[in-house]
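Visitor: First the structure, then my questions, so here it is.
The values are calculated or read from the model by the stated rules, or taken from the named source; none is laboratory data. Just so we're clear, the structure is a prediction, and the values are computed from it rather than from any experiment. FYI the Cβ positions are ideal-geometry reconstructions off the backbone, even for glycines, and counts take in every protein chain you see. Just the protein is used for accessible areas: all its heavy atoms, side chains included, with ligands, DNA and RNA removed. Shrake-Rupley method; radii C 1.70, N 1.55, O 1.52, S 1.80 Å.
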Amino acid sequence: MKKMNRRSFIKLSTVAMAAASGTVYTSKAKWTEAASKTPPSITRSFSVCNSCGNRCNIIAFKRQGRLWRISGNPRDNKTGGKICARGHAYAAMVYDRYRLGTPLKRMSNGFEPISWEQAYEEISDKLKDILRKNGPEAIFWSEYSKPISNFYGARFMAALGSPNWTTHASTCFAARNVGFNHTLGGLPTGDYENTKYVVFIGRAPADGIGTSILKGLPMAKQKGAKVVAVDPRLSYSANSLANEWMAIRPGTDLALLLAWIHIMIKENLYDREFVSKHTVGFSDLEAAVSQYTPAWAAGITGLPEEQISRVVKEMAAAKPAAFVEPGWHAAYGSNYRNSTQTARAIAIINALLGNLNQPGGLCFYSGANLGSLDSSRHQAPPNSPYKRVDGAGVAGKYPLALGSGLHHLLPGLAKEGKFKAGFFYSINPARTVPDREYVVSGYKNLELSVVIDWQFSETAEHVADYILPESHPLERDGIVEPISARMPQVSMQSKAIEPVHPGARGLDRIVTELAQAMGFGRYFDFKLDDLNKAMLFPLKLFPVHLQQRGPQVAGGAWDYGQTMFRTPSGKVELASGTFAEHGFSKVPIWESPLIEPSSGEFRIIHGHQAYLTHSQTINNPYLVSIAKDYHGEAIWINSKKARELGIADGSDVIVSAKGYENKVRCKVTERIHPEAIFVPAGYGSFASKLERGFELGISMNDFVPHASEDISGHAMMQEAVVSIRKA
Ligand code: SF4
């Protein structure tokens, strides 16, 4: 074999590189000369990841005109530049063959491409007809909440005169927000970096990714902070981050929290000064929790009495740099009959710890003060004079529900004929709302259903009359969005690449053009850029600053110690007058879950995995490969229960409930409570056009009955039991 020396290696490398670039250089000198004149082929753009609600700032790198890779932006004060696998894999979908590129209309034999003009004309004709015959109350908008649709979707509904703008909140975090709003006046964020003790109730921040948590918590742990995971499952997050696992019975977190409040008051472990200065309702709380002893809680939760008492004492000893984490969907987002009062109990414990706006506690960081369109130049649509049809905020129905509505109720209302037309923006209720049959058959009753998205979904395939293709978020500018942090910022999704499908359009353009076709163009007489300039005006910034430099500081640094609470009393409401006014218990009291598993049944609990977001990433080639390689679709069952049922690890089982059954792979583990099975979220796709994830795993939503909780009106997604047998 001919030996390669340094000279021949350089020569070969030069030729190889030249060949790769399509040009042949006859000497290294010529190549060096040419290379020095070649403009850098890698460019970068600043944008925001759209793959989940965290909205992490990202940098999109482009090489030779094509999106090359995505990384986190270290200038994002909330995340510090951390992004997750879904954020990295986001790039894979831009050039994906499954993207939607042209408007589609459902015909008897499937979808047919149509022009935008035809789509606007037919949709607006139908809407006008519905407005004439049924009024604006018969139309709704439903979205996976995003800053751009929060503006355009809500304004479009207002322009039509409809009160029915909704987001996904009632199947996600609604109970948490209602509970915190009526106790603390808002939702604080953990000061992870400086905490000494943190308790997660069901939340798994490294699975259902919380990038800001993963930025701060490891720093606190290095300084000796203790992390406790209260969860029926030892999640991957708890396994890697927690010092202690409290393997609680599912649905009984409220009992644990009531016992903790009892112990804190009885043993004088709370912050007396904070309570006397900044709270109302202490005596009501004290009387209500006097019965909730550690022994009582041990009987309900299945936790050792010693552990219940010890953990709260440890937490109190670390106050105010200690907190119970506010969660997201977690164990009490929209899961149980007792979830709203569970959220109130968590907010109350934090107040008793005196940790609000204290180092290492829970903080109400400030956001940017953004401007808005000048209404003297750009006419705003009036507020709808009608009441919401889903009953959110309506006396006698769900008066305390969030203003973003109860989207899980919409299919039933469509079936009753109360809705005639619906818009679905970047949301997939056919897969993400409990009871597939209820959802699909309800929505099929609509006279007009319009899906706006950049990829297919179950809702698009099984419900939509029209599908309007949205351009990919990396192909267009977005709306200015605030980042709440100790140093508040603003950021903006900005265009990184030329559109791969020029036929797709941004939501701002779609809504504006549809409004024009409806004759409501006067409410949309501005461009997105005008809106962004108006929003940035008070900050003396322009969109170009965010496009060229990424996130920008938007106000002075926030500091510890503020004690203003946006409640009716201006204080922390340990007892809520508003709850009492509407017939709900003013202090949290024990209420068991609505459904208890009987012998041979298991309660379904669910949660995210680091590589999937709901159903929206189920067709991402990289993420689905990870899921398949690691059998992410497997449900978890306790080893002892599996032995009793003769189920082996890795085998298939049949899960059944409500006359419905499905087969799925099973993971047998000590890491789950014997009463529960864990069903990972995002699987069980029944959209045949999402080929990669089609029919991979199961969805808990096929087993969850349609129901609503009384206070915040959420969907009670863990009030469901199933049976399991060997396949
Ligand atoms: S957590 Fe992951 S998916 Fe969510 S916005 Fe951040 S990078 Fe994207």
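Visitor: Output the number of the condition that Glu286 fails; it satisfies all remaining conditions of (1) more than 30 Å from Lys221 (Cβ to Cβ); (2) outside any helix (DSSP H, G or I).
Guide: (2)
Visitor: Restricting the range 478-498 to residues that are open to solvent by 50 Å² or more (accessible area, probe 1.4 Å) and over 19 Å from the mean Cα position of the chain (by Cα), which is modelled with the lowest pLDDT?
Guide: Checked the range 478-498; the qualifying residue modelled with the lowest pLDDT is Arg486.
Visitor: Just a yes or no: is a residue in the range 254-269 surrounded by fewer than 17 Cβ atoms within 10 Å (Cβ to Cβ) and under 28 Å from Val668 (Cα atoms)?
Guide: No, the range 254-269 has no match at all.
Visitor: Give me the residue from the range 39-51 that is in contact (Cβ under 8 Å) with a residue 60 or more places away in the chain and surrounded by 20 or more Cβ atoms within 10 Å (Cβ to Cβ) and, out of that set, farthest from the ligand (Cβ to nearest atom).
Guide: Phe46
Visitor: Sticking with this structure for a sec: So how many residues does the range 575-586 have that are surrounded by 20 or more Cβ atoms within 10 Å (Cβ to Cβ) and over 28 Å from the mean Cα position of the chain (by Cα)?
Guide: Qualifying residue count, the range 575-586: 2.
Visitor: Would you list the strands (runs of 3 or more DSSP E) that sit entirely within the range 610-720 and hold 1 or more residues that are open to solvent by 10 Å² or more (accessible area, probe 1.4 Å) and touching a helix residue (DSSP H, G or I) at 6+ places or on another chain (Cβ under 9 Å)?
Guide: By residue number, 652-657, 660-669.
Visitor: Additional query: Let me confirm something: among Asp231, Asp207, Asp253, which residue is within 16 Å of the ligand (Cβ to nearest atom) and in contact (Cβ under 8 Å) with a residue 12 or more places away in the chain?
Guide: Unique residue meeting the criteria: Asp207.
Visitor: Pull up the range 93-121, narrow it to residues that are crowded, with 16+ Cβ neighbours inside 10 Å and of a type in the set (A, V, I, L, M), then point me to the one that is farthest from the ligand (Cβ to nearest atom).
Guide: Filtering the range 93-121 for residues that are crowded, with 16+ Cβ neighbours inside 10 Å and of a type in the set (A, V, I, L, M), the one farthest from the ligand (Cβ to nearest atom) comes out as Ile114.
Visitor: So, in the range 80-92, of the ones that are more than 8 Å from the ligand (Cβ to nearest atom) and assigned to a helix (DSSP H, G or I), which residue ends up surrounded by the fewest Cβ atoms within 10 Å (Cβ to Cβ)?
Guide: My answer is Ala92.
Visitor: What residue, of Arg272, Arg233, Arg249, is within 33 Å of the chain's Cα centre (by Cα) and either at pLDDT below 95 or surrounded by fewer than 24 Cβ atoms within 10 Å (Cβ to Cβ) (or both)?
Guide: Arg249
Visitor: Return the total of residues in the range 445-477 being touching a residue at least 40 places away in the same chain (Cβ under 8 Å) and under 21 Å from the mean Cα position of the chain (by Cα).
Guide: Number of matching residues: 12.
Visitor: Taking the range 188-204, which residues are part of a loop (DSSP other than H, G, I, E, B), more than 15 Å from the ligand (Cβ to nearest atom) and more than 22 Å from Asn57 (Cα to Cα)?
Guide: Hits for the range 188-204 are Thr195, Lys196, Gly202.
Visitor: Here is a further query. Does the range 93-103 contain any residue that is under 21 Å from the mean Cα position of the chain (by Cα) and modelled with pLDDT under 90?
Guide: Yes; the residues of the range 93-103 include at least one that is under 21 Å from the mean Cα position of the chain (by Cα) and modelled with pLDDT under 90.
Visitor: Can I ask one more? Filter the range 52-79 down to residues that are in a loop (DSSP other than H, G, I, E, B) and within 12 Å of the ligand (Cβ to nearest atom), then give me how many there are.
Guide: So the answer is 9.
Visitor: In the set Val490, Val544, which member is in contact with a helix residue (DSSP H, G or I) (Cβ under 9 Å, 6 or more places away or on another chain) and not aromatic (Phe, Trp, Tyr)?
Guide: Val490
Visitor: Can you tell me which residues in the range 469-522 are part of a strand (DSSP E or B) and either among the β-branched types (Val, Ile, Thr) or under 30 Å from Ser366 (Cβ atoms) (or both)?
Guide: Within the range 469-522, Val480, Glu481, Pro482, Ile483, Gln489, Val490, Ser491, Met492 qualify.
Visitor: Quick check on the range 577-615: of everything there that is farther than 30 Å from Glu644 by Cβ and in contact with a strand residue (DSSP E or B) (Cβ under 9 Å, 6 or more places away or on another chain), which residue is nearest to the ligand (Cβ to nearest atom)?
Guide: Across the range 577-615, the extreme among qualifying residues is Leu612.
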